[in-house]
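Report on the structure given below.
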Amino acid sequence: MSERLFDIQDTPLSMEEVVRKVTRRECGAIATFIGTVRELTHGKRTLKLEYQAYKPMAIKMLEQIGQEVEEKWPGSTIAITHRVGTLDITEIAVIIAVSTPHRKAAYEANEYAMERIKQIVPIWKKEFWEDGTKWVGDQLEQTPYPKGKPDVKGEDND
Amino acid sequence: MSERLFDIQDTPLSMEEVVRKVTRRECGAIATFIGTVRELTHGKRTLKLEYQAYKPMAIKMLEQIGQEVEEKWPGSTIAITHRVGTLDITEIAVIIAVSTPHRKAAYEANEYAMERIKQIVPIWKKEFWEDGTKWVGDQLEQTPYPKGKPDVKGEDND
Amino acid sequence: MIRLLLFAEFQEQAGTDQVEIDQAGLTVAELKSWLKQEYRFTSLDQTMIAINETYANETDVLKDGDVIALIPPVSGG
Amino acid sequence: MIRLLLFAEFQEQAGTDQVEIDQAGLTVAELKSWLKQEYRFTSLDQTMIAINETYANETDVLKDGDVIALIPPVSGG
């Protein structure tokens, strides 16, 4: 089992493993977010997804998110693993686990990390529908890079 | 394996099991909260904890929280399992899993459920320290029942 | 008869997890007063009463066959 | 030489996941213009350039030996 706090892998993700990485004696709260492949988006049926990553850079960006989280929520520990390859409906695409001494911070830090993943981590999703395929990441989900580039410093996300 | 969405059990809790109960094809987001036994609280060292529940009523109250969540966040599914008995440091006391079509609601509903557990579910925690024991649940953590009784209708928690 | 369930500190104070009481007709408020005298329980003021697994009001009346529980401030989670 | 990594739609448009280019000295902005002509890539305006695994500015200059990547809007999570 990998002990990397931030990882990209092409095999099914294990909640137990990611949560274990952040479990510590001084923490009473662990908030976990699990992103799964949803069948219907805006009424359109997804058959499967494919995720592709620029792996070394994606891991660096996940590590940066980790640093941001630990600065904003002192005492927190975060681990993130993102899946790549072909995923079926209900399979897990990403797991974020954050442990903190107190509960509120665990939720906040987790949500922050998820927002940042969607902004700066070089991972792309290809949707497979009954009538075609598309690499998403543009206006389908959000306006990308409103400032012309990803907000790599994180100033705009409080 | 139990298929009760709301349960009290005296054996170690499984994240995989609780998350599986809320995994659905139409949901892309699952927020999980895991409460673990923390070693230090306000600088005092905990050796272990004991949880006791009024089990049938506790399950009824968890079910009520589930109804509240499904009313407040339509389309969500929630499962909660609470442990009873003696727990060592880092063992899991409670798992709350909420699946929703969209991410934001999963975090919100999860946090709401946790607040409600601490208000209305008849479960008690006994702390074991090096110099003694105590059933907590009074001013140590919060002022209980500010309105003279638990807010069983949930009006005050938005 | 009415069955009275005891948890946490009350269970330890009483040395048992339940007792039978013959107090049908009392209100919840009257039950608390009676318990203070009979069992010398402390901290009953912060304690809720459940009747048949539902939180009761102070004015609710106990009936024969009810299952009553003392619910001190909870601390799950 | 400079290695140019391609992902997602660019990888499919080019039919390969990387190409070698001999364009040291160009700025990132100039590289984008060159790529538009050379490969007829669409949607380069919304695409970031990474130099050696770090997001680059439009004015950064490519050096020999750099590993460049086209980063279209990301969609992980």
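The values are calculated or read from the model by the stated rules, or taken from the named source; none is laboratory data. Not measured: the values here are computed from a predicted model. In this analysis, Cβ positions are derived from the backbone assuming ideal geometry, glycine residues included, and neighbour counts consider all displayed protein chains. Note: accessible area is taken over every heavy atom of the protein model, side chains too, but ligands, DNA and RNA are not part of it. Shrake-Rupley method; radii C 1.70, N 1.55, O 1.52, S 1.80 Å.
For region B:15-34, give me the residue count where each residue is in contact (Cβ under 8 Å) with a residue 60 or more places away in the chain, open to solvent by 40 Å² or more (accessible area, probe 1.4 Å) and farther than 23 Å from residue A:41 by Cβ.
0
Among the candidates B:75, B:35, which residue alone is small (Gly, Ala, Ser) and either assigned to a loop (DSSP other than H, G, I, E, B) or more than 10 Å from chain A (Cβ to nearest Cβ) (or both)?
On the way: B:35 fails: either assigned to a loop (DSSP other than H, G, I, E, B) or more than 10 Å from chain A (Cβ to nearest Cβ) (or both).
After applying the criteria, what remains is B:75.
Take the residues in region C:7-27 that are closer than 11 Å to residue C:70 by Cα and without any contact (Cβ under 8 Å) to a residue 60 or more places away in the chain, then tell me which one is farthest from the other protein chains (Cβ to nearest Cβ).
Keep residues of region C:7-27 that are closer than 11 Å to residue C:70 by Cα, which gives C:7-11, C:17-18.
Okay, now just the ones that are also without any contact (Cβ under 8 Å) to a residue 60 or more places away in the chain, so C:11, C:17-18.
Working: C:11: 8, C:17: 9, C:18: 11 Å.
The qualifying residue farthest from the other protein chains (Cβ to nearest Cβ) is C:18.
Of all residues in region B:81-97, which are more than 10 Å from every other protein chain (Cβ to nearest Cβ) and under 12 Å from the mean Cα position of the chain (by Cα)?
B:81 - this is the single residue of region B:81-97 that is more than 10 Å from every other protein chain (Cβ to nearest Cβ) and under 12 Å from the mean Cα position of the chain (by Cα).
Run down B:53, B:93 and say which single residue is hydrophobic (A, V, I, L, M, F, W, C), at pLDDT 95 or above, closer than 20 Å to residue B:11 by Cβ and in contact with a Pro (Cβ under 7 Å, 6 or more places away or on another chain).
Details: B:93 fails: in contact with a Pro (Cβ under 7 Å, 6 or more places away or on another chain).
Of the residues listed, the single one that is hydrophobic (A, V, I, L, M, F, W, C), at pLDDT 95 or above, closer than 20 Å to residue B:11 by Cβ and in contact with a Pro (Cβ under 7 Å, 6 or more places away or on another chain) is B:53.
Might you check whether a residue that is surrounded by fewer than 16 Cβ atoms within 10 Å (Cβ to Cβ), modelled with pLDDT of 95 or more and touching an Asp or Glu at 6+ places or on another chain (Cβ under 8 Å) occurs anywhere in region A:58-70? Please lay out each step first, then the result.
Taking region A:58-70 and keeping what is surrounded by fewer than 16 Cβ atoms within 10 Å (Cβ to Cβ), we get A:63, A:67, A:70.
Pick out the ones that are also modelled with pLDDT of 95 or more and you get A:63, A:67, A:70.
Still in the list and also touching an Asp or Glu at 6+ places or on another chain (Cβ under 8 Å): none.
Checked region A:58-70: no residue is surrounded by fewer than 16 Cβ atoms within 10 Å (Cβ to Cβ), modelled with pLDDT of 95 or more and touching an Asp or Glu at 6+ places or on another chain (Cβ under 8 Å).
Of the residues in region B:6-32, how many are more than 12 Å from chain A (Cβ to nearest Cβ) and farther than 11 Å from residue B:96 by Cβ?
So the count comes out to 6.
Give the residue that is surrounded by the most Cβ atoms within 10 Å (Cβ to Cβ), with candidates limited to residues of region B:38-55 that are within 7 Å of another protein chain (Cβ to nearest Cβ) and touching an Asp or Glu at 6+ places or on another chain (Cβ under 7 Å).
B:38
Can you tell me which residue among D:15, D:65, D:76, D:25 is over 13 Å from the mean Cα position of the chain (by Cα) and crowded, with 19+ Cβ neighbours inside 10 Å?
Numbers: D:15 fails: crowded, with 19+ Cβ neighbours inside 10 Å; D:65 fails: crowded, with 19+ Cβ neighbours inside 10 Å; D:25 fails: crowded, with 19+ Cβ neighbours inside 10 Å.
The unique qualifying residue is D:76.
Which residues, taken from region D:28-56, are of a type in the set (Val, Ile, Thr), assigned to a loop (DSSP other than H, G, I, E, B) and either away from chain A (no Cβ under 14 Å) or open to solvent by less than 50 Å² (accessible area, probe 1.4 Å) (or both)?
Passing the criteria: only D:47.
Name, by its number, the condition in (1) open to solvent by 30 Å² or more (accessible area, probe 1.4 Å); (2) farther than 15 Å from residue B:107 by Cα; (3) modelled with pLDDT under 95 that does not hold for residue A:128.
(3)
So the check is Cβ under 7 Å with 6+ separation or different chains; which pairs have a first residue in region B:66-94 that's at positive phi and a second one that's among the aromatic types (Phe, Trp, Tyr)?
B:85/B:51
Being more than 7 Å from chain A (Cβ to nearest Cβ), in contact with a helix residue (DSSP H, G or I) (Cβ under 6 Å, 6 or more places away or on another chain), part of a helix (DSSP H, G or I) and under 22 Å from residue C:9 (Cα atoms): is that true of residue B:61 here?
Numbers: more than 7 Å from chain A (Cβ to nearest Cβ): yes; in contact with a helix residue (DSSP H, G or I) (Cβ under 6 Å, 6 or more places away or on another chain): yes; part of a helix (DSSP H, G or I): yes; under 22 Å from residue C:9 (Cα atoms): yes.
The answer is yes for residue B:61.
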